[in-house]
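To keep things clear, I will list the structure first and then write my remarks on it.
The values are calculated or read from the model by the stated rules, or taken from the named source; none is laboratory data. What you see is a predicted model, and the numbers here were worked out from it, not measured in a lab. Here the Cβ positions follow ideal geometry from the backbone for every residue, glycine too, while neighbour counts run over all protein chains shown. Side chains included, ligands, DNA and RNA excluded: accessible areas come from the protein's heavy atoms. Shrake-Rupley method; radii C 1.70, N 1.55, O 1.52, S 1.80 Å.
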Protein chains: 4
Amino acid sequence: MFFASDNSGPVHPEVMQALAEANQGYAMAYGADALMNEVRDHIRGIFDAPGAAVYLVATGTAANSLALATLSNPWETIFCSPVAHIHEDECNAPEFYTGAKLTLVPGGDKMTPEALRGAIAAEETRGVHGPQRGPVSITQVTERGSVYSLDELRALCGVAKEYGLPVHMDGARFANALVALGCSPAEMTWQAGVDAVSFGGTKNGCMGVEAVIFFDESKAWEFELRRKRGAHLFSKHRYLSAQMAAYLRHDLWLHSARRANANCARLVEGLRAAGAEFLHEPQANIVFASFPRSTHKRLHAAGAVYHLWGAELDGEDENEALPCRLVCDWSIGADQIDEFLSLLT
Amino acid sequence: MFFASDNSGPVHPEVMQALAEANQGYAMAYGADALMNEVRDHIRGIFDAPGAAVYLVATGTAANSLALATLSNPWETIFCSPVAHIHEDECNAPEFYTGAKLTLVPGGDKMTPEALRGAIAAEETRGVHGPQRGPVSITQVTERGSVYSLDELRALCGVAKEYGLPVHMDGARFANALVALGCSPAEMTWQAGVDAVSFGGTKNGCMGVEAVIFFDESKAWEFELRRKRGAHLFSKHRYLSAQMAAYLRHDLWLHSARRANANCARLVEGLRAAGAEFLHEPQANIVFASFPRSTHKRLHAAGAVYHLWGAELDGEDENEALPCRLVCDWSIGADQIDEFLSLLT
Amino acid sequence: MFFASDNSGPVHPEVMQALAEANQGYAMAYGADALMNEVRDHIRGIFDAPGAAVYLVATGTAANSLALATLSNPWETIFCSPVAHIHEDECNAPEFYTGAKLTLVPGGDKMTPEALRGAIAAEETRGVHGPQRGPVSITQVTERGSVYSLDELRALCGVAKEYGLPVHMDGARFANALVALGCSPAEMTWQAGVDAVSFGGTKNGCMGVEAVIFFDESKAWEFELRRKRGAHLFSKHRYLSAQMAAYLRHDLWLHSARRANANCARLVEGLRAAGAEFLHEPQANIVFASFPRSTHKRLHAAGAVYHLWGAELDGEDENEALPCRLVCDWSIGADQIDEFLSLLT
Amino acid sequence: MFFASDNSGPVHPEVMQALAEANQGYAMAYGADALMNEVRDHIRGIFDAPGAAVYLVATGTAANSLALATLSNPWETIFCSPVAHIHEDECNAPEFYTGAKLTLVPGGDKMTPEALRGAIAAEETRGVHGPQRGPVSITQVTERGSVYSLDELRALCGVAKEYGLPVHMDGARFANALVALGCSPAEMTWQAGVDAVSFGGTKNGCMGVEAVIFFDESKAWEFELRRKRGAHLFSKHRYLSAQMAAYLRHDLWLHSARRANANCARLVEGLRAAGAEFLHEPQANIVFASFPRSTHKRLHAAGAVYHLWGAELDGEDENEALPCRLVCDWSIGADQIDEFLSLLT
């Protein structure tokens, strides 16, 4: 019963198998391996973007920071949610790589077009004195487990385009969002107005690989230089390629995300039946739920692992509702869900 | 017959096996995995340094840049060889991470104590105007396949210590140097005066892992923050740990390096017998040799893969001696060496 | 009738005179001039801080950015007001110099101890993932013309000290705040808990000079190196020294600030009498007032120069109250105030 | 007898007068002052470059660093002389502002086209691994008092243009070089192939002002943002404008440089007559000469101020020739030269 993070789960066997298969003889280093050609072609096909520039890095923070650095200038400000990973969980990596500032769009987890327009407009009046408007970064799935609808994405990108600003999508959980929406990768990205995507693999069954995709290939060489300068170019690159190749082959990425989302839905259903309240409407594989301390204690005693969310397990009031975060990764089985749910009451 | 780079070889089966074994269930993310404890203890033991701070990253450039950033200030200059990897092959990553400048110690591949002292002394006279003296970075094995003797290391570190400067060792091929010298890790590092080591795994049979070791543990937390800010902290960190754990277990690192060096010596012997000349005295697993164009053509035709060194295969003079670089990684077999040698004459 | 900015006024004749007097013969460059010794001694005396490190730069942004860089690390976040100059008006200079992030303390112009504590506490829980807590920066006079009382300053610094954080004061209008409070420089700074001060001269009658003062002199050499690396060390430094020396001699700084504040009070009194409303309580030399469009038009027609604050002069409703910012610098005469006031009704 | 530096001399009376005249009433801040329009027009006229972008900063290091940052990318390397000010005397400011590396063109003070081509060519072969080729920076007058001829400038710029690289001129002593060559500003800059100039005023009689000139005006807005982000935008900008306006009016810049060069020639003639040897052929207002210790002692005893160059005044051998640097600024009179010369024998 491990619901702490989709960073803690194992690697999918097909990815492990691909690594073993890639481990034959010699291969060109630094991204010139044949598997990378397969990956590039596959991603271009999936995204219906034959000219896209496609690169691999090993961490989500690297994907985000390098993508944003390529889209921005050091005198600009990047617009994002106050709870965006790039703001809260990357220890200033985006600032380090971009030199830019982050402007937090007022509101909650999800940015609204109105709030975004207001934040962009507010940067307008200071000429050379204030930071200039830079990229908009959208997290899909959001950090609170919500999924922007296509209409919402189009509206946010539309605001960015009004001001001529590029759009980055932090898709650490891209697959979970995609299957939640039931749309195509193209619809969720460039057709909506997204210019660059951090396309996550790690959280959904890979060992450590994320693709960065630019739909405008003119950014390609700059990105390569930034990746090397950031020390993120792998010498034995074929092992990044192999992970991503396996992740894409036979739609493993989609199957894994569907499984995670389905198990999460099963969990939500059970929680709801047990009277839990939800801090955010769960739409993918993350749940923020609140239920009594006594239940948390029973779950912990039984070995369930997850994070309380700004609350302490210790306390006298057994009936006090404590919020927690529960993440279902691809590897969680329905049996674990059911075991968890059986402990709720 | 693949002698192009030790970045192009496969991963050792024991490392692959360790990755498979690590792929069980859930593990704490971001370096809190149990395997990392094993790695830390193992490295502290090997180095006879019970208080050492030990961290893992995935690329050698990250190891070097982060180690140097932790040892330096942005108003300093780092002393290194003109052919140091940090100068020639990292696309300004050291400058990006440190903010500092690199001062090239005049001379060739290997720094001499006299040249180092001269370079340090020359930075002396400008007060606040010039960059301040910063760390000395020593590459062991050097980029040209030489190995500093313990006396040479002690002398270089001694010069650094005269000026109160910290010393970094770029040990991308640490194991190859160690077995060439037949000394202990402690002798080759902190006992000689080295403060921090990039301890390479990737080139010697790992998939992508390097340890950074500080003998002064007070640097530990700063390094952790710099690693995260550089986007080099792995979420599924256990797969870095597993590689390094396997690399160290049963002395795999030493066995692999001995094998590479021995095969390289076999290659050198054969080259010498065939009349080749050496640009540098080969002391580990890299050879810079020069022999006739006609021989190069024969080797290329037979499928040998390696880099000519500032020369072109095409040319009319068949007898012209062309220099090349040949690298033996752990996976090269004696049969490949012998096949190569058989083509020399 | 020029109320647009205290950056637009002339230089005080005594400062000009001091520049002329300094223009004799040769002087040591780069801060080794004799006048700098006078300045250092004078500031140490004024602040009752015999060991303070004192430096001069030419712009307020340089003073702030360099002071903050010396107090912080690039993996930290700096706490400040949402309307702080360092956030809104320095085009990412603080981020450039520090590498750090800025955290905006929720609320208005003035930070409250509660809001500051909340913002600091909120950065607590993410370990290596989030930025670490860094300096607190307090603007005195605030950007909206308010002045923190000594109790307020002590309370803010007390919160910073609870967390072991250094405190920076952006004192671009230091003198105006000081005379408003009627306290000593020591009381308003180190006795309250401030560690470093940007001590402004430019807005209060100098040509372009700001002192940076560290009460902990161990920061001195680092600051000197950062100043040079930032290209802010003047070769003909005596002309910075001369300005600051004149500014301090005969209490020119205090006289000028008193004059500015007194004229501002006269302006406020007249505005209040005429029925204007105030967006912030004016406590120094800046007023944010609101009065009818028709009055603004009359003032503009008569040649008054000042900025409407998020409003447009053009518009049909003559009675609509439009906010504006009015700044009184040292050089405004009572006659200008009276002329302005005579046009209100 | 002050020959230590052209940074130590006084400000020309005409510049002081212009500052006094500018000190009337209110002026638009941040470069929007009317005097800046005069300066821009004047410089465009002088350079026969009607579309040039022209900006003012207060230090030479700021001019160089900001100009180079605008011409380069952080993954590039900047080619310069081993004794360039940007390398030796700016405490990593160029690296800070550009993020780039500096590549020292082998040889002495003056770069030769052959050495420059060799250095550029040597950066060619490493693809994404090494830094990319960036701007060439030429110092005119050189740090050793030499002046590149027009042919030499054209040849250096020609090499840069072969590789598509921009050219920066560090013209801290631009005027001294220009009058030495007797050519036009256009000939010495854009007609030779220079893209951006640091046009010095400080060393030649100003208080602290340097112009940065881009002949390609498309760089203008980026430069403005970089200047502000570097904290180098002056609020009371009119006092920078006033200095530069006076410097250009009535050809003060040329008169002052001619005077400095002429006095320097007088000094050289006398030194030569007295048997001094020259380390570099003096071509502008700086001399590197070598003469006996006894003479140095006599000069020092008489109050002459200048720097020995890598030598110590104390020593037993009175006849030992000691090198020194002598700088003539605009304010040195022929009487001082003659007094100095009278002490030589």
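Every residue in region B:256-275 that is in contact (Cβ under 8 Å) with a residue 40 or more places away in the chain and either buried (at least 20 other Cβ atoms within 10 Å of the Cβ) or within 24 Å of the chain's Cα centre (by Cα) (or both), please. B:SER256, B:ALA257, B:ARG258, B:ARG259, B:ALA260, B:ASN261, B:ASN263, B:CYS264, B:ARG266, B:LEU267, B:LEU271, listed by residue number. Filtered by the rule that a residue be within 13 Å of another protein chain (Cβ to nearest Cβ) and either assigned to a strand (DSSP E or B) or open to solvent by less than 10 Å² (accessible area, probe 1.4 Å) (or both), region A:32-57 gives A:ASP33, A:TYR55, A:LEU56, A:VAL57. Inside region C:211-231, residues that are within 14 Å of C:ALA49 (Cβ to Cβ) and in contact with a Leu (Cβ under 8 Å, 6 or more places away or on another chain) make up a count of 3.
When B:LYS161 is tested against (1) open to solvent by less than 10 Å² (accessible area, probe 1.4 Å); (2) more than 17 Å from the chain's Cα centre (by Cα), only condition (1) is not met.
Candidates in region D:213-226 are the residues that are open to solvent by less than 10 Å² (accessible area, probe 1.4 Å) and within 18 Å of C:ALA93 (Cβ to Cβ); of these, the one that is farthest from the other protein chains (Cβ to nearest Cβ) is D:PHE223. When B:ALA180, B:ALA246, B:ALA155, B:ALA172 are checked against the criterion of being within 14 Å of chain A (Cβ to nearest Cβ), within 30 Å of B:LEU326 (Cβ to Cβ) and open to solvent by 10 Å² or more (accessible area, probe 1.4 Å), a single residue qualifies: B:ALA172.
Residues in region C:277-297: is at least one among the hydrophobic types (A, V, I, L, M, F, W, C), farther than 30 Å from D:LEU233 by Cβ and not assigned by TED's automatic domain parsing to the domain that holds C:VAL57? Yes - at least one qualifying residue is present in region C:277-297. Between A:ALA29, A:ALA69, the distinction of being facing chain B (nearest Cβ under 8 Å) and of a type outside the set (Asp, Glu) belongs to A:ALA29 only. The set of residues from region C:1-20 being within 11 Å of chain D (Cβ to nearest Cβ) and not aliphatic (A, V, I, L, M) comprises C:PHE2, C:PHE3, C:SER5, C:ASP6, C:ASN7, C:SER8, C:GLY9, C:PRO10, C:HIS12, C:PRO13, C:GLN17. Within region B:120-142, the set of residues being among the small types (Gly, Ala, Ser) and either in contact with a Lys or Arg (Cβ under 7 Å, 6 or more places away or on another chain) or within 12 Å of chain D (Cβ to nearest Cβ) (or both) comprises B:ALA121, B:ALA122, B:GLY127, B:GLY130, B:GLY134. Given the criteria within 8 Å of chain C (Cβ to nearest Cβ), touching a residue at least 60 places away in the same chain (Cβ under 8 Å), farther than 30 Å from A:TRP221 by Cβ and in a helix (DSSP H, G or I), does D:ALA62 qualify? Here the answer is yes, as D:ALA62 does meet what is asked. Checked against the criterion of being more than 10 Å from every other protein chain (Cβ to nearest Cβ) and touching a Gly at 6+ places or on another chain (Cβ under 7 Å), region C:254-265 contains one or more residues that satisfy it.
To keep it simple, each residue is scored yes or no on (1) touching a residue at least 40 places away in the same chain (Cβ under 8 Å); (2) more than 24 Å from B:THR61 (Cα to Cα).
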{"site": "B:SER137", "(1), (2)": "yes, no"}
{"site": "B:GLY145", "(1), (2)": "yes, no"}
{"site": "B:PRO166", "(1), (2)": "yes, no"}
{"site": "B:MET169", "(1), (2)": "no, no"}
{"site": "B:CYS183", "(1), (2)": "no, yes"}
{"site": "B:ALA192", "(1), (2)": "yes, no"}
{"site": "B:THR202", "(1), (2)": "yes, no"}
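Note on region A:251-345: enclosed helices (runs of 4 or more DSSP H) holding 3 or more residues that are in contact with an Asp or Glu (Cβ under 9 Å, 6 or more places away or on another chain) and over 30 Å from A:ILE46 (Cβ atoms) are A:293-301. Picking from residues in region B:74-97 that are open to solvent by less than 10 Å² (accessible area, probe 1.4 Å) and without any contact (Cβ under 8 Å) to a residue 40 or more places away in the chain, the one that is farthest from the other protein chains (Cβ to nearest Cβ) is B:PRO94. Selection of region B:16-31 for residues being closer than 16 Å to A:HIS12 by Cα and either in a helix (DSSP H, G or I) or open to solvent by 30 Å² or more (accessible area, probe 1.4 Å) (or both) yields B:MET16, B:GLN17, B:ALA18, B:LEU19, B:ALA20, B:GLU21, B:ALA22, B:GLN24, B:GLY25, B:TYR26.
Annotation: of all residues in region D:98-110 being of a type in the set (Val, Ile, Thr) and outside any helix (DSSP H, G or I), the one that is most open to solvent (accessible area, probe 1.4 Å) is D:THR103. Regarding region B:291-298, can at least one residue be identified that is under 25 Å from the mean Cα position of the chain (by Cα) and surrounded by 14 or more Cβ atoms within 10 Å (Cβ to Cβ)? Looking through region B:291-298, none of the residues is under 25 Å from the mean Cα position of the chain (by Cα) and surrounded by 14 or more Cβ atoms within 10 Å (Cβ to Cβ). Among the residues of region D:112-129, are any in the same structural domain as D:ALA220 (by TED's automatic domain parsing) and closer than 30 Å to C:SER8 by Cβ? There is no residue in region D:112-129 that is in the same structural domain as D:ALA220 (by TED's automatic domain parsing) and closer than 30 Å to C:SER8 by Cβ.
Here B:ASP251 clears all of (1) surrounded by fewer than 24 Cβ atoms within 10 Å (Cβ to Cβ); (2) acidic (Asp, Glu); (3) closer than 19 Å to B:ASN37 by Cα; (4) touching a residue at least 24 places away in the same chain (Cβ under 8 Å) except the condition numbered (4).
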